[in-house]
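The values are calculated or read from the model by the stated rules, or taken from the named source; none is laboratory data. All figures in this text were calculated on a predicted structure; none of them were measured in a lab. No Cβ is skipped: glycine too gets one built from the backbone with ideal geometry, and neighbour counts run over all protein chains shown.
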Amino acid sequence: MYHTYLIKYGEIGIKGNNRHVFEDALVKRIKEALTPVDGEFNITKERGRIYVHCEGDWDPDETVEALQHVFGIVGICPVEVCPADSYESLRDGMLAYVKNEHPGSDETFKVKVRRPNKDFPMKSPDVEAELGHDILENFPAMTVDVHHPQILFDVEIRDVAYIYSKIIPGPGGMPVGTNGRAMLCLSGGIDSPVAGYMIAKRGVTIDAVYFHAPPYTSERARQKVVDLARIVSRYSGPIRLHVVNFTDIQLYIYDQCPHEELTIIMRRYMMRIAEHFAKEDNDLGIITGESIGQVASQTMQSLLCTNAVCTLPVYRPLIGFDKEEIVRISKKIGTFETSILPYEDCCTIFVAKHPVTRPILSVIERSETHLTEKIDQMVEEAISTTETILVQ
Amino acid sequence: MYFTMKVCYNGATMSEIYFDNSSTTKPSKAVLEVVEKTMTEDYGNPSSMHKKGMDAEAYLKNARRAIADTLKADPSEIYFTSGGTESNNWALIGTALANQRQGRKILTTQMEHPAVAEPCAFLEKLGFEVGKIPVDENGTLDLETLEKMLTDDVILVSTMYVNNEIGAVVPVEKVAKMVHSACPHAFYHVDAIQAYGKYRIRPARVGIDMLSVSGHKLHGPKGTGFLYVKNGVKMNPLIYGGGQNGGMRSGTENVPGIAGLGIAAREAYTDFDAKIDHLYDLKEHMIKGLMSIDDVVVHGMPGREGAPHIVNASFLGVGSEVLLHTLESHDIYVSAGSACSTHKRSGSPTLTAIHAPQEEMASSVRFSFCENNTVEEVDETIRVLREELPRLRRYRAH
């Protein structure tokens, strides 16, 4: 069994002078991800590499699964660590590794050696040749193929030597906390948790806002949103979730405005309230799960109308995605099964049979003048009665 | 805020109104006490040889006897289970498997609870044939069709006693007679989960071979129930193991639950007639109040033909769940459809069986009472409905 994982990270290796900021953030995220995992973990950072050393009674599957939730990790390699004092130590480590990791193999292989530790007495090509020779001798079923090997043994000779041949894919992206924060509009559907995941993947810390409308939406619908936020938080870290009671505003719009414009006007007020909390939380943008043309409120014209009320940038990572592509990601990140639980959400309850699909901003703004009497007070009321919970 | 504190006419606040007793009931004080005692003092395993075991076994014996007394049955005919669903599953699957050489046909009704309908679907997959007896718009069983369905190869007939959604009552005595005269080899199972404690049931005299009961519908603990199995009924166990209950239902007995169930059963039949009269009063009062509101349709059988504790009504133009949450904001608790199936969007099995129009199905709410409910609570509920319905009907999708 391997007691060490080599963590490969891609993009953050090229961040120049900021590199240590990203590496430190990644180490911190790895530590957080491993906190609930059985066992003790020692994370070390040396010359462009991060290692996770495992001690005590630890479960490899659980450990790898936790690491696969850390943005910034491109690959997780279980490595054999052996002393780098002599060729013999290296050879013994290699033979033990092959025996454990590729038992009975008849595949082709290649050995690739890197030697940052120039004190090691042999040169890399010589070590490659010798190790290849010893593997062939001890595992006669295996053959060498230096052009297209089925197994590539990587050997890195540092203060100690690291041997690995497998790379378990990580989620990629950048460590959360390295790119500011943004406010996610979370609805309980399939799209918004995926949108949050995608922005968090670029290193952004996530806050979230949910609009509920009792008695039209139930406590269970609210719980579902909390559950979704919790799944996303496994990737993004803790999420501050604002639960806004939207019923009164919704009913007031219903009373005062043309019915086919209800959804657009409602969404404009949601964006206004989302922006209020975004500014309060020092967020640098708003995230939605919108995708062009998916529903009436997501046509180019509708997006223009909802966008018009925001001063912060609105990020829509799914804008060019088809539903199937979004579903695929939501299954991958584990939000799908929760998203499809059949609870009413507040966008659909009063939806008109024929909502406007090409709203004109000036017309919508004119309709909103019918709300002047009470709406500011209602928005204030909604903001002041908002419940904020920390989901983790 | 949308939610407002509930204030009565006299300005005083009223505590919660629980009208969801067909979903579950609040355990009684005596039940709580015995559950606590069997978890703190008499916590032994009834199979143990020592005194602690004997003490625990005494609770089982007492409960078995108490329950048998309510049915005028022999204690050896009572088998404890984890609840109504297990009792139904066992009665259907256990009997079907043990008697398949006699025939492979099972009859049930169109308005069964999923705890009967689903085991039947499972048996269908095993190759059994399942026939469903139709019901009319009140939930009355079509006995003429049943007569024709009772062919030689029928081995098992299963009907509910009281329908869980609309309180319709099945004439079990008539059905039993028909089954036994047409098919001498067939067994008759009754799902009495909504009926036990509301009707005096005499299985042996009536001709019921198996009877399912759930503890938490009669102020007992959840996870308890029993199956009455008439001596001589051939059936297989579903759960194998250490041989408890004569090998018919293995597993260390749930002593606290069973002790609580025994107390609950005895209490259910104490002051029985007065309680039933009270429930019918509540029902009548409720229906009267509902009829005074516009566009309300009450489902099920009128007066004493239907069960005493269930009133099901559709409030046209209002979604069931919206009305449910509105009442909830007034601390009034009811059901929309059958509580076990609220997570499914499919229509209710009973309302589908009685051919209720889509509009009535989408707006149906069940009020179910227990003897502790009061006429004042009914009045308050009617008052809240009158207050809230106009607004709920104004805001709707169109």
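Annotations
- Within region B:87-114, residues that are over 17 Å from residue B:133 (Cβ atoms) reach partners that are surrounded by fewer than 19 Cβ atoms within 10 Å (Cβ to Cβ) and of a type in the set (Lys, Arg) with beta carbons closer than 7 Å, at six or more positions or on different chains, in the pairs B:98/B:234; B:99/B:234.
- Scope region B:290-323; condition surrounded by fewer than 19 Cβ atoms within 10 Å (Cβ to Cβ) and either within 14 Å of chain A (Cβ to nearest Cβ) or closer than 20 Å to residue B:372 by Cβ (or both); matching residues: B:317
- Set A:278, A:221: member being at pLDDT below 95, surrounded by 21 or more Cβ atoms within 10 Å (Cβ to Cβ) and within 23 Å of residue A:391 (Cβ to Cβ): A:221
- Region A:153-164 - residue that is surrounded by fewer than 21 Cβ atoms within 10 Å (Cβ to Cβ) and in contact with a strand residue (DSSP E or B) (Cβ under 6 Å, 6 or more places away or on another chain) and, of those, modelled with the highest pLDDT: A:154
- Any hit, region A:355-373, residues being within 14 Å of chain B (Cβ to nearest Cβ), in a loop (DSSP other than H, G, I, E, B) and surrounded by 14 or more Cβ atoms within 10 Å (Cβ to Cβ): yes
- Matching option when the condition is in contact with a helix residue (DSSP H, G or I) (Cβ under 9 Å, 6 or more places away or on another chain), surrounded by 16 or more Cβ atoms within 10 Å (Cβ to Cβ), assigned to a helix (DSSP H, G or I) and away from chain B (no Cβ under 14 Å), among A:297, A:291: A:297
- Residue ranges of strands (runs of 3 or more DSSP E) in region B:86-202 with at least 1 members of a type in the set (Lys, Arg) and surrounded by 19 or more Cβ atoms within 10 Å (Cβ to Cβ): B:105-109
- Failed criterion for residue A:314 (all others in (1) within 14 Å of another protein chain (Cβ to nearest Cβ); (2) surrounded by 16 or more Cβ atoms within 10 Å (Cβ to Cβ) hold): (1)
- Selection status of residue A:255, closer than 30 Å to residue B:385 by Cβ, in a helix (DSSP H, G or I) and free of Cβ contacts under 8 Å to residues at least 40 places away in the same chain: yes
- Test set (1) in contact with a helix residue (DSSP H, G or I) (Cβ under 8 Å, 6 or more places away or on another chain); (2) at pLDDT below 95; (3) polar (S, T, N, Q) - residue B:13 fails condition number: (1)
- Test: residue in region A:255-277 that is within 14 Å of chain B (Cβ to nearest Cβ), closer than 24 Å to residue A:370 by Cα and of a type in the set (Val, Ile, Thr): yes
- Only one of A:45, A:28 that is surrounded by fewer than 17 Cβ atoms within 10 Å (Cβ to Cβ) and touching a residue at least 24 places away in the same chain (Cβ under 8 Å): A:28
- With respect to (1) out of contact with any His (no Cβ under 6 Å at 6 or more places or on another chain); (2) closer than 30 Å to residue A:238 by Cβ, the lone exception for residue A:165 is condition (2).
- Sole residue being buried (at least 18 other Cβ atoms within 10 Å of the Cβ), of a type in the set (Lys, Arg) and part of a helix (DSSP H, G or I), chosen from A:272, A:267: A:267
- Any hit, region A:126-139, residues being under 30 Å from residue A:67 (Cα atoms) and outside any loop (DSSP other than H, G, I, E, B): no
- Scanning region B:80-130 for residues that are on the phi > 0 side of the Ramachandran plot and at pLDDT 95 or above turns up B:83, B:127.
- Residue A:335 meets the stated requirement of being away from chain B (no Cβ under 14 Å), within 22 Å of residue A:242 (Cα to Cα) and among the polar types (S, T, N, Q).
- Residue count for region A:317-348, restricted to those that are crowded, with 19+ Cβ neighbours inside 10 Å and in contact with a Phe, Trp or Tyr (Cβ under 8 Å, 6 or more places away or on another chain): 5.
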